[in-house]
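Structure first, commentary second.
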Amino acid sequence: MTVELGAFALTLALALSLAQAALGFAGARRPSLAGAGEGAAIGAFAGVAAAFAALVTAFVVSDFSVANVAANSHTAKPLLYKVAGAWGSHEGSMLLWCLILTGFGAAVAAFGRGLPAGLKSRALGVQGLLGLLFLAYTVFASNPLARLAGPPIEGRSLNPLLQDPALAFHPPFLYLGYVGFSVVFSFAVAALIEGRVDAAWARWVRPWTLAAWSFLTVGIALGSFWAYYELGWGGWWFWDPVENASFMPWLIGAALLHSAVVTEKRGALSGWTVFLALAAFTFSMLGAFLVRSGVLTSVHAFAVDPTRGVLLLSILGLSSGAAFALFAWRAPALAPGGVFAPASRESLIVLNNILLTAATGAVMFGTLYPLIYEAAAGAPITVGPPYFNLVFGVLMGLAMLVLPFGPLTAWKRGDLAASADRLKLAAAVAVLVGAIVFALVSPRKALASGGVALGAWVIAGALAEVAERTRAFKTPWPEVRRRLTGLPRGAWGMTLAHAGLGVFILGACYETAWKVEAAEALSLGGQLRLGAFELTLKDVGTVDGPNYLAERGRIAVTRGGRPVCAPEPERRFYPAGKQSTSEVALCNLGVSQIYVVLGERRASPDGGPAWLVRSYFNPWVQLIYLGPLLMALGGLLSLSDRRLRFAVGRKP
Amino acid sequence: MTFWPKSRTARRRLTILLAVAPVLALAAGLTLWGLRDSISLFYTPAQARAAHVAPGRAVQLGGLVLPGSVVKHPDGRVAFAIADKQETARVSYQGDLPDLFREGQGVVAEGSFDAAGVFQAKRVLAKHDEKYMPREVADALKKQGEWRGDGAAPAYGKP
């Protein structure tokens, strides 16, 4: 019964989205209808929320008469994964997508009180159209609440690799980011219809971009963390199509964050900002298409269905095609904004945008090139990580070099020599850090040392900007403290985000260059050398998990005979899906980690049992996750700035 | 100074072009340079034999894991054979096989052939989904007339 109510609520939401679209556009002309459009937006959200609640309930009570539950759940599964199973499959995750899409629409309706009535109404109308497309897709092509004629007694369970806390929370964060850009998209289309993009528009768009981008940052970091310790390959980024699909909207979102600042503060770049706003959600939809259609071979993708791929591509073509056509038609009429000198903060942000979009283009080209090549030459190929590392690395490296100059250079007409003067200390710190790493860390690697120096440069540059703002080292401490507490949260957010990027670069360069790997089949008591560490396999026992059986190895890690830690990696067997997975054990040593995988049991040369133990020493690897966390925190801190409250519009 | 246009719009356009062009040129150059070594073609064993893949060239080798061919050595090295309808290729891999690696299932190995004709794999991909057949493998096997659709037991190469 609950499920039928849910299915009904979902269909109702589809109808309400249609009403929202119609009333939204009509309401821009007749204010009396605008309120009804807002009501429809909130109603559509309530409908999808009810459907989603019905699906989660079906998963929690293990109602195997629902096809989706039977395919992805099991009575013995822990509660967290029963709930997470609701968005673990294609159908369920599309419902989550719709939930967030209508949720953002409802948020605009409920919290956008300060918005001009026409813009708000039209943005809701566009959001309603998007909701209509995706809800129609969910209802007609991938209904998550469809019943089975002959329900099985037991479900087929969720893929064990997905039964992991990081992955349980990865899709909601990722989708909050992906779909968050839909609001920005709707605002951009609404502004194009009105033919007016000004500072006020940018001020309304910025908080939504910030929120979406911050969530996307967390989502990507969680996904990467999951791949790091659940796949057991020891790596954290593989330039896989699915990873790239989430990374492209992030890059465009980062560019949009910066160009929207220029549009808000200086009224310039308005056409470009609108273009990026449209591109961000287009890349989100492209990601949804790439992940679900199976056109590209990926290590992690949903079970694929070409028909659905065609439908998703049609939705992408329809919405983005219409939006970009509108852009081509209306953009030339947008008022050109303020002028700025070649040496100014605007110019530096333009440079940032050029580099970020070029990097996005390079990632997109590498991701789609196999498709182009196969269509043209008929042979399947893949584009490997060296391509991405080279092109992306060089473009982003340039962007990082320029980054610290941005916040230190004045708007309109700046003095780059003065900015460079303020960054002398930061440059010295960066060179020193790079030199120390180059001299002390063996084996000696010049390029990686340069990367570490670049990370230090970005962090030191971010701190130099705070020092400059507070006149630290130049005025007495009480004055500095007064200035420190007086800094707006937006400024702290920027510093935190930039420093987080630097922290990430430090970790990424150091870990990639100096990680150590070792693997050997060990009998009980056998020893494996991993750089400076020794790993001894003490014991292997069996463990009875809630829905799996496992072999658990006890391993003693020592360094020169002194105990360091005792990781206990597992090899789990899930009877429900007849699959086995490795549960990696991680030892934290400061910001570094020892990573241990227990492999299959096999015969040792003397005939006794042996286990393949594979281990990595990943130095500074935690910085790779700390960095994005700082960036997301920076984004949220900026979001809490008084100047960016959603209701801003009235003068305070 | 004569080439510098007088109109403000034209000047702005030229400035933007001057800023964008070097980055685009750099990106295009890097892309072409990067693609030279990073593209790896996909072959099944029969296609690899027919194409005379040079030793050391990075390629992907896909097909079905020949049943009974998997030998796990104590030093962590794994030897197995990838087969299509016509050929088999020996593969050597140092590392942990994916959890879904099974005899008789579709896999894709990334690596290169050595001088002796043994494929030295750097990475072996099997999928999260146990029913999964890598798309390239499915397409290639279909061309050889071997594909029986989902669920049917696949046939193997030279016995």
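Key figures for this structure:
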item	result
Output for segment A:373-424, where each listed residue is touching a residue at least 40 places away in the same chain (Cβ under 8 Å) and over 30 Å from the mean Cα position of the chain (by Cα)	A:ALA410, A:TRP411, A:LYS412, A:ARG413, A:GLY414, A:ASP415, A:LEU416, A:ARG422, A:LEU423
Test set (1) modelled with pLDDT of 90 or more; (2) crowded, with 18+ Cβ neighbours inside 10 Å - A:ALA610 fails condition number	(1)
Condition check for B:GLY68: within 13 Å of the chain's Cα centre (by Cα), modelled with pLDDT of 85 or more and either surrounded by fewer than 24 Cβ atoms within 10 Å (Cβ to Cβ) or part of a strand (DSSP E or B) (or both)	no
Set A:ALA199, A:ALA245: member being surrounded by fewer than 23 Cβ atoms within 10 Å (Cβ to Cβ) and of a type in the set (Gly, Ala, Ser)	A:ALA199
Selection within segment B:2-43 - touching a Lys or Arg at 6+ places or on another chain (Cβ under 9 Å) and facing another protein chain (nearest Cβ under 8 Å)	B:SER40, B:LEU41
Enumerated helices (runs of 4 or more DSSP H) restricted to segment A:1-72, each holding at least 3 residues that are over 30 Å from A:LEU158 (Cα atoms)	A:2-27, A:31-60
Residues being more than 24 Å from A:ASN389 (Cβ to Cβ) and buried (at least 18 other Cβ atoms within 10 Å of the Cβ) - total across segment B:7-47	5
Test for B:ALA79: is it at pLDDT 90 or above, surrounded by fewer than 17 Cβ atoms within 10 Å (Cβ to Cβ) and in contact with a Phe, Trp or Tyr (Cβ under 9 Å, 6 or more places away or on another chain)	yes
Pick from segment A:586-607, criterion buried (at least 18 other Cβ atoms within 10 Å of the Cβ) and within 11 Å of chain B (Cβ to nearest Cβ), ranking: modelled with the lowest pLDDT	A:GLU600
Residue within segment B:44-59 that is without any contact (Cβ under 8 Å) to a residue 24 or more places away in the chain, farther than 30 Å from A:ALA377 by Cβ and within 13 Å of chain A (Cβ to nearest Cβ) present	no
Elements of type helices (runs of 4 or more DSSP H) contained in segment A:382-444, each with 1 or more residues being acidic (Asp, Glu) and loosely packed, with under 14 Cβ neighbours inside 10 Å	A:416-422
Whichever residue in segment A:306-338 is within 14 Å of chain B (Cβ to nearest Cβ) and surrounded by 14 or more Cβ atoms within 10 Å (Cβ to Cβ) and, among such residues, is farthest from A:LEU290 (Cα to Cα)	A:GLY338
Single residue of A:GLY128, A:GLY92 found to be touching a Leu at 6+ places or on another chain (Cβ under 9 Å), closer than 30 Å to A:ASP544 by Cβ and not in a loop (DSSP other than H, G, I, E, B)	A:GLY92
Any hit, segment A:144-160, residues being buried (at least 21 other Cβ atoms within 10 Å of the Cβ), modelled with pLDDT of 85 or more, part of a helix (DSSP H, G or I) and more than 14 Å from every other protein chain (Cβ to nearest Cβ)	no
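The values are calculated or read from the model by the stated rules, or taken from the named source; none is laboratory data. Worth saying up front: this structure is predicted, and the values here are computed from it rather than measured. Positions of Cβ are generated from backbone atoms using ideal geometry, with glycine treated the same way; all protein chains shown enter the neighbour counts.
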